[in-house]
Amino acid sequence: MRFLFVWLSIILLSNTAFAQLQGGISGTYFTQSIPEWESAIFGIRSNERLLKNGFGQAVDLKIAGFENYRIQFHLNAGTNNATTTFENQQFKLRKNDIGLSGKIFFLSLEADCDCPTFSREAGLLEKGLFAEFLTGASFFQAEMAEQSTIISEDNGITFKIGLGLGVEIGITDFVTISPYVRYQRYFKAEWEGLQEDLLAFDPSTTIEGNNMTPINQVSAGIRLGISLRR
């Protein structure tokens, strides 16, 4: 993640690249389900939810497009964090994501993709509605603690795919705001040693669930887009 931000900074320092820059920053609220870890930690207490919501932020940079079609490809990097506190126990999950996304303005597909949304003579949805397709990798850090004692912790890599829908609203030729919703699925996130650590901490623990789980995440957010293309 750190290397990606350094790389983006180098691009911004290039006058030629700066003149062509099209990118954005976004903030997100999400809700998610982590079924196997939830079962391993809470067992039969099915009314408890583990790491069920949180906030994220991301940056993106346009890396490709088509001359006569409004299809764009972006490089994305971001983080999201979730915390659950139950009695004296606290659970944390941080995901650092990097990936690619494709954005399709399907109601006004055949047009110059570099023409700003603000300048288009069309209705808001016709010129701004888009679908997103996302793929990438996530580097996660998970932790379970009771007061100041670490019960279990791990980090690993999982892969994800996702779909999204949003509306790009042109404020000026250079600035857009885009509210959006997304669904993303993370595959086979493995918290190595979770069940073993739970049993070592409390020998009366009934082992349920699994150390490996999918993560299903639904999010809503808003993106501030900047276009300096001249």
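Key figures for this structure:
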| read-out | value |
| --- | --- |
| Qualifying residue in region 78-99 (condition: modelled with pLDDT of 90 or more, of a type outside the set (Lys, Arg) and under 18 Å from Glu168 (Cβ atoms)) | no |
| Residue list for region 23-59, restricted to those being open to solvent by less than 50 Å² (accessible area, probe 1.4 Å), closer than 18 Å to Leu134 by Cα and either polar (S, T, N, Q) or touching a residue at least 60 places away in the same chain (Cβ under 8 Å) (or both) | Gly23, Gly24, Ser26, Gly27, Thr28, Phe30, Gln32, Gly56 |
| Residues of region 26-58 that turn out to be modelled with pLDDT under 95 and β-branched (Val, Ile, Thr), as a count | 3 |
| Among (1) closer than 15 Å to Glu132 by Cβ; (2) charged (D, E, K, R); (3) exposed (fewer than 14 other Cβ atoms within 10 Å of the Cβ) - the single one Arg70 does not satisfy | (3) |
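The values are calculated or read from the model by the stated rules, or taken from the named source; none is laboratory data. Here the structure is a predicted model, which means the values were calculated and not measured. Because the Cβ atoms are built from the backbone with ideal geometry, glycine has one as well, and the counts that use them run over all protein chains shown. When the accessible area is computed, the model is the full protein with side chains, heavy atoms only, and any ligands, DNA or RNA have been set aside. Shrake-Rupley method; radii C 1.70, N 1.55, O 1.52, S 1.80 Å.
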